[in-house]
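> So that we are looking at the same thing, I have put the structure below in structure tokens.
Bear in mind that the values in this text are calculations on the coordinates, not laboratory data. Because the structure is predicted, anything quoted here is derived from the model rather than measured. A quick note on method: Cβ atoms are made from the backbone with ideal geometry, for glycine too, and the neighbour counts reach across all protein chains shown.
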Amino acid sequence: MAFELLTVGQMAQADALTIAGGTPGITLMHNAGRAVAQAIMARWAPRQTVILCGPGNNGGDGWVVASALHALGWPVRVASMVPVDALKGDARLAADAWVAECAQHDPQQPAWQMLDMTCLDGAELVVDALFGAGLSKPLEGLPAEVLSRAHARGLSIVAVDVPSGVWGDTGEATGAVPCELTVTFFRKKPGHMLMPGRALCGKVVVADIGIQPEVLTSLDVRVWDNCPCAWRTVWPHREEAGHKYHRGHAVIWGGPIMTGAPRLSARAAARVGAGLTTVCVPQSAWPVYASTLTSIMVHPVAGEGATQWQAGLKTLLDTARLTAALIGPGAAGGTHPVGVKALVLTMLASGLPVVLDADALSVFRDDPALLFAAIAGHGRPVVMTPHEGEFARLFPASVIDPSEGKLERTRRAAQLSGAIVLLKGADTVVAAPDGRAMVNAHAPSTLATAGSGDVLAGLIVGLLAQGMPAWQATCAAVWLHGDAAHVFGPGLIADDLPEQIPQVLRRLAEQISHC
């Protein structure tokens with residue numbers, strides 16, 4: 001399965017390496033244009049189609065689309081941003097072939113027209129072959145106006161590579177309009193996965209145009225589409241003769257007020273396979289936790305102050321056979337921020353892989369350097385799971401420019417903090433300090449509900465407890481989290497998510513077997 005994501009520059013390298021290996025550029029262009037035509041024919045019956053062609057190779061693909069559809073009897077017109085004689089290289093060859101074909105078929109009809117506001121007259125389908133992924137400035141002027149009018153008329157739009165106006169490396173969009181179908185080549189780009197680009201692409205088809213996978217070894221790919229094939233080799237498997245301690249022991253700090261969040265995390269950790277799960281809680285909250293958790297152990301710590309809690313947690317961390325820890329869900333509940341900070345630092349001194357979520361991040365808003373120093377001195381994997389608000393508190397604009405794309409911001413945060421950083425959202429990104437990153441699109445909008453992030457944190461600590469490497473464990477948890485929401489469907493609340501995990505794990509086993 002192809003799950004690498006290539007930057008615009010890497011895709012250009014892949015093209016160049018393929019051409020250097022003996023495949024003419026015009027052959028790649030023909031293959032690309034025909035692939036677009038095939039994708040169109042698989043979705044629509046013949047209809048009046050207008051191909052909007054730009055001045056470069058994206059436009060060249062469009063000229064080939066016109067030829068391929070025309071050869072199969074489709075009524076096709078081409079509107080070009082520049083005259084044919086201004087085109088260069090393979091794009092000129094593709095345009096000349098279309099002009100010759102039209103002259104042979106009906107010499108009385110013009111082969112093409114210049115792009116203008118009349119080119120959409122009578123159109124039922126529009127192919128956007130204007131700019132593609134290489135555009136890194138706002139889409140303005142006549143091209144933007146024509147696409148905007150096509151969208152306003154409710155015309156179906158097909159994008160070649162990416163919708164014009166979507167930046168291939170970041171998913172940012174300026175002037176782009178929604179498309180029903182996007183056909184790209186060899187591998188997806190980050191812009192197909194990151195919002196708002198992903199929403200503008202519609203269905204994305206990745207076409208084989210003759211570039212061999214071997215070129216990937218020369219591209220230093222560092223970003224992937226999050227899917228089971230990307231982490232299947234390190235997925236934890238049960239030993240036939242194993243027992244609960246072989247599957248790890250996760251510990252979660254449970255706050256005294258917002259008790260629901262830690263309980264959600266604990267159930268998720270247990271469901272995903274942790275052999276034992278313990279919630280460590282203040283004595284006063286013990287009855288709430290103990291009366292509602294049955295397969296989860298509840299460990300009370302005496303006292304009502306931060307110092308007593310810290311001492312009790314440290315004793316548990318020092319004496320129990322624990323393999324991973326989580327703090328953050330419901331940790332403060334609006335109180336005891338100083339105490340939570342001390343608890344976080346205690347966990348980071350434990351020698352365990354640690355997941356930091358919610359309150360465990362926000363309490364360091366005034367001193368992120370203290371947190372990062374503790375992570376650096378920890379020597380074990382640390383996972384941070386901020387949403388955008390928490391991210392901005394730890395990495396203000398003076399540190400990471402908010403205008404940078406989400407992928408780059410997450411990678412910078414991982415590098416600066418020394419932690420695995422999971423920046424949540426519809427297009428969740430998981431980045432490691434060494435620059436590796438996954439972009440996740442396997443998450444429905446129903447996950448936008450209170451408590452779903454607590455379940456995600458629990459899934460991560462449950463996988464860490466079983467010994468899964470931290471970056472892959474985080475990516476796997478994000479995928480499982482989304483799949484659980486897909487399985488449940490509408491009406492989802494966070495309580496439903498842990499109960500879907502058994503079915504999700506069965507589905508996962510089938511998917512992994514096909515990787």
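> Give a quick list of GluC sites (Glu not before Pro) in the range 162-243 that DSSP marks as loop, anything other than H, G, I, E or B, with at most 13 other Cβ atoms within 10 Å.
Listed in order of number, the matching sites are E239, E240.
> In the chain, which Cys residues have no partner Cys with a Cβ closer than 4.7 Å?
When partners are defined as cysteine Cβ atoms under 4.7 Å apart, the chain leaves C53, C102, C119, C179, C201, C227, C280, C475 without one.
> Students often get this wrong, so check it: of K88/K203; K137/K188; K188/K424, which have C-alpha atoms separated by over 28 Å?
Working: K88/K203 31 Å; K137/K188 20 Å; K188/K424 21 Å.
Correct reply: K88/K203.
> How high is the relative contact order of the range 92-224, given as a whole-number percent (alpha carbon pairs under 8 Å, six or more residues apart)?
18 percent
> If you average the sequence gap of Cα pairs under 8 Å that are 6 or more apart and divide by the length of the chain, what percent do you get for the contact order?
RCO, the chain: 13 percent.
> Under unit Cβ charges (Lys, Arg +1; Asp, Glu -1), what dipole magnitude, rounded to 20 debye, does the chain have relative to its Cα centre? Show your work: numbers first, answer last.
Working: 36 positive and 43 negative charges, 256 e Å.
It works out to roughly 1240 debye.
> Quick check on the range 8-221: take the gyration tensor over C-alpha atoms, sort the square-rooted eigenvalues as a ≥ b ≥ c, and tell me if it's rounded (a/c under 1.5), prolate or oblate.
oblate
> Rounded, prolate or oblate: pick one for the range 178-306, where a ≥ b ≥ c are the square roots of the eigenvalues of its C-alpha gyration tensor, a/c under 1.5 means rounded, and failing that, prolate if a/b is larger than b/c, else oblate. Provide the component values of the computation, followed by the final result.
Working: a/c = 3.65, a/b = 2.14, b/c = 1.71.
Note, shape of the range 178-306 comes out prolate.
> Only sites in a loop by DSSP and with at most 15 other Cβ atoms within 10 Å count here; which trypsin sites (Lys or Arg not before Pro) in the range 34-107 make the cut?
Qualifying residues, ordered by number: R47, K88.
> Now, a different point. Per Stokes-Einstein, at 37 °C and 0.692 mPa s, what whole-number D in µm² s⁻¹ belongs to the chain, with the Kirkwood radius over Cα pairs as the hydrodynamic radius?
D = 132 µm²/s.
> Quick one: which of 248-255, 409-416, 78-85 comes out on top by average Cβ neighbours within 10 Å, and what's the full order, highest first?
Details: 248-255: 29.1, 409-416: 21.5, 78-85: 18.8.
Taking the mean over residues of other Cβ atoms within 10 Å, the ranking is 248-255, 409-416, 78-85.
> On a C-alpha basis, how far is the centre of the range 1-49 from the centre of the range 405-459 in Å? Whole number, if you could?
Centre-to-centre distance over Cα atoms comes out at 30 Å.
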